Every structure is written in C-alpha cells, then in structure tokens.
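**Student:** What follows is a structure written as structure tokens; I'll ask about it next.
The values are calculated or read from the model by the stated rules, or taken from the named source; none is laboratory data. Only a predicted model underlies this, so the values are computations on that prediction, with no experimental measurement involved. Backbone-built Cβ (ideal geometry, glycine too); neighbour counts: all protein chains shown. SASA here: full protein model, heavy atoms, side chains in, ligands and nucleic acids out. Shrake-Rupley method; radii C 1.70, N 1.55, O 1.52, S 1.80 Å.
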Amino acid sequence: MNKIIVIGNGDVGSSYSFALMAQGLGSDVGIIDLDANKVAGDVQDLTHGLAYVGPKNIYSADYSDCFKADLVVITAGAAQKDNETRLDLVKRNAKIMKSIVESVMANGFNGIFLIASNPVDVLTHYVMKLTGFPPNKVIGSGTSLDSARLRSAVGEKFQIDPRDVNIYILGEHGDTQFPVWSHGNIGGLKITEWLAQHPEFSQEELVELSEKVKNAAYEIINYKGSTHYGIAIALARITQAILQDENAVLPVSVHLDGQYGSRDVCIGSNAVLNREGVREIIETPLDEEENKQMQHSIQTLKNMQQLVMEDEF
C-alpha cells in the first residue's frame with residue numbers, strides 16, 4: 001500500500017489531492033483539515049472520478065491515520081496579511097506547523113514528511129528539528145516549482161518542449177533564488193552553445209526570464225488570489241519519485257551537511273529521491289557569481305531559521 005496523508009485542504013492541498021487522483025498516485029489518500037465539511041465535499045467529488053482512474057481509497061482522515069502512512073504531506077499554513085512582515089508570517093506558520101507535527105508524531109508516524117507550507121525551506125528545517133527525524137526523511141518542495149516555471153518559460157521562448165530544457169533554480173524558494181545557467185542545457189547543448197547557434201536570442205533575455213519566474217507567484221496572486229496548480233503538480237512529481245522508488249533527480253529543499261560549504265540549513269538543491277526519501281544531495285559546482293548567490297541565499301535562510309528556533313528551542 002502507498003498511503004498518503006494530506007494535511008491542509010486549502011487551494012494547494014485540494015489541488016494536490018486532485019493531482020494524485022489524476023495521476024493514479026497513492027492507493028490510500030486521507031485528507032485532514034479543520035474544515036471537515038470541505039474535506040467531506042472534496043472526498044465525495046474526487047471519489048466520483050474513480051471509475052476513470054482505477055481503485056483508490058480516498059477519505060476524511062484524522063491524525064490517528066498517520067500511524068502507517070508512507071508519506072505525510074503538509075500544505076497547511078497562513079497567508080501573508082497586509083502590512084505583515086515576512087518574519088511575522090514565518091513565526092505564525094511555525095506555530096501552526098508545530099501543532100500539526102506534534103499531532104502526527106503522537107500517532108506513531110515513521111514515514112517521510114513532504115513540506116509545502118511557506119516559507120518552505122525554514123519550515124522544512126523546523127520540522128526536522130521538531131521530529132528528530134534523519135535528514136533524508138524530511139523534504140521540502142524547495143525550488144521544484146521555480147525550476148519548472150523557468151523550464152517552461154525558456155521552452156516557450158525557444159519553442160522547445162520544456163521536458164528537453166534542463167535548467168535548475170537553486171537556493172531559497174523566495175527572493176534569493178537563482179538559476180544555474182553554467183550547467184543548463186537544451187537538448188544536450190550548453191546554454192552558451194545554444195545561444196551561439198541562435199544569435200537572435202541573448203543571455204540578457206534569459207536573465208529577464210529568470211526574474212519574471214522569480215516574481216511569477218506575485219503576478220498569479222494578483223490575478224486570482226493564490227497559486228496552487230503548479231505547486232500541486234510539483235508535489236505530485238516528488239511523490240511519484242518517492243513512492244515509485246525512482247532515484248529521480250529533483251530540486252527540493254534538503255538539509256545541507258557540508259554541501260556548498262554549509263551545514264544545518266535547508267535549501268533548494270538537486271537531490272536523488274527514492275523510497276527512502278533523499279538518497280543523496282547533488283552538490284552542483286557553481287561558478288563564482290552563482291556561488292555568491294548561493295551563499296547569500298544560505299545566510300538569508302539561516303537568519304530566518306535562527307529567529308524561529310530562538311522562539312521554540
């Protein structure tokens with residue numbers, strides 16, 4: 001059995017549950033949320049599609065259902081209020097996360113945590129500290145969505161299938177993220193080689209694309225109030241890599257232990273994912289400018305982590 005417990009049934013959580021359904025992931029999917037009526041409605045709505053996707057047990061869950069879960073996915077969290085600082089939001093969501101994690105752990109959970117709540121890197125680190133779990137069993141969505149956004153944007157720019165664009169965004173899932181152009185390739189060609197063969201495009205245009213990607217969430221939120229489909233699909237991809245023991249390489253939030261010259265911080269990096277969670281972190285050799293960006297991102301996250309940890313430990 002591949003048992004998944006989804007905690008948080010807002011826009012992200014419900015979209016993730018739908019993505020699991022549509023992709024046939026998880027044989028047993030339980031949903032936990034304070035709004036029991038919303039969960040009951042979504043469970044019934046999703047169940048109506050089983051005739052087209054195959055057998056699956058979808059149900060309103062409670063924390064006792066975490067006991068034999070393979071994966072607990074946490075999407076719950078507060079949205080940033082007007083005039084609220086990012087730090088205020090971090091502390092508010094840390095309190096929510098602590099309550100959730102304590103309830104999960106009280107019921108004997110020993111699987112893998114997948115965190116999507118924001119700020120995802122700081123909360124991933126926080127969950128690892130709260131649980132005492134080994135780093136391989138606590139994973140954040142990291143820069144998986146940001147990298148997908150960039151691959152889609154570059155693919156659209158060059159009229160190339162995004163699946164054949166291999167450019168990763170690393171660092172914080174936030175303002176200090178950065179694209180690793182030095183290792184990017186399109187169809188096996190380095191970015192510099194691609195641009196040499198296509199002089200109608202420039203490196204400056206790619207930099208503009210990466211800036212647009214960094215701010216994509218703000219634009220989407222301005223249009224419709226939240227961004228949830230993209231992250232739901234990214235979470236489903238991570239779920240697939242774990243439950244199907246793929247040894248797939250994905251950019252997720254992982255706990256550094258010497259990589260990039262740092263320790264005790266969770267940050268977006270490529271990693272090999274399988275049934276055990278993080279099999280290994282892939283430390284990408286960065287050029288001088290990219291390394292500066294990574295160090296800046298690490299320090300930014302460490303500062304936020306420290307403020308949260310001072311309140312709780």
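**Student:** May I ask for the angle, rounded to the nearest 10°, between helix 144-158 and the longest principal axis of the chain, with both axes built from Cα atoms and the value confined to 0 to 90°?
**Tutor:** 40 degrees
**Student:** In addition: Going by average Cβ density within 10 Å per residue, which order do the peptides 140-152, 220-232, 57-69 take, highest to lowest?
**Tutor:** 140-152, 57-69, 220-232
**Student:** Against the empirical 2.2 N^0.38 Å scaling, what ratio does the C-alpha Rg of segment 163-313 come to?
**Tutor:** Scaled against compact globular proteins, the figure is 1.14.
**Student:** Express in nm, to one decimal, how much length is gained between I160 and I96 on full extension, taking 0.36 nm for each residue of separation and deducting their alpha carbon distance.
**Tutor:** The span from I160 to I96 would gain 18.9 nm if fully extended.
**Student:** Can you give me the angle between helix 203-214 and the longest principal axis of the chain, using Cα atoms only, in degrees from 0 to 90, rounded to the nearest 10?
**Tutor:** Once rounded, one gets 20 degrees.
**Student:** If you don't mind, there's one more thing I want to ask. Using the alpha-carbon centroid of each, what span in Å lies between segment 245-313 and segment 92-122?
**Tutor:** Measuring centre to centre over Cα atoms gives 18 Å.
**Student:** Straight-line reach from K292: which lysines have Cα under 26 Å away, leaving out those fewer than 8 places along the same chain?
**Tutor:** Once the sequence-local lysines are set aside, what remains near K292 is K190, K212, K214, K302.
**Student:** Taking a cut-off of 17 Å between Cα atoms, list the lysines near K3, but don't count ones fewer than 8 places away on the same chain.
**Tutor:** Excluding near neighbours in sequence, the set is K56, K68, K137.
**Student:** Another question, then. For a protection proxy built on the mean count of beta-carbon atoms within 10 angstrom, sort 6-17, 184-195 highest first, please.
**Tutor:** 6-17, 184-195
**Student:** Just to confirm, what accessible area per residue do you get for the chain at 1.4 Å probe, in whole Å²?
**Tutor:** 46 Å²
**Student:** Looking at the chain only, what percent of DSSP beta bridges run antiparallel? Nearest 5 please.
**Tutor:** For the chain, the DSSP antiparallel bridge percentage is about 50.
**Student:** Roll a 1.4 angstrom probe over the protein heavy atoms and tell me the percent of accessible area of segment 3-140 that is carbon or sulfur.
**Tutor:** So the carbon and sulfur contribution to the accessible surface is 52 percent.
**Student:** Hey, another quick one. Ordering F178, F201 by accessible area with a probe of 1.4 Å, largest first, what comes out?
**Tutor:** F201, F178
**Student:** Helix-only mean residue ellipticity at 222 nm, the chain, DSSP H runs n ≥ 4 weighted -39,500 (n - 2.57), per residue, nearest 500. What is it?
**Tutor:** Value at 222 nm, helices only: -14500 deg cm²/dmol.
**Student:** Here's a follow-up. For the chain, how big is Rg over Rh, using alpha carbon atoms and the Kirkwood form of Rh?
**Tutor:** 0.96
**Student:** For segment 3-140, just the Cα set please: Rg and Dmax, both in angstrom.
**Tutor:** Cα radius of gyration and Dmax of segment 3-140 are 15.0, 47 Å respectively.
**Student:** Pop a pseudo-label 7 angstrom from the Cα along the beta-carbon direction at both D257 and E280 and give the gap in nm to one decimal.
**Tutor:** 1.4 nm
**Student:** Helix 288-312 against the longest principal axis of the chain: what's the angle in degrees, Cα atoms only, rounded to the nearest 10?
**Tutor:** With both axes taken from Cα atoms, the answer is about 30 degrees.
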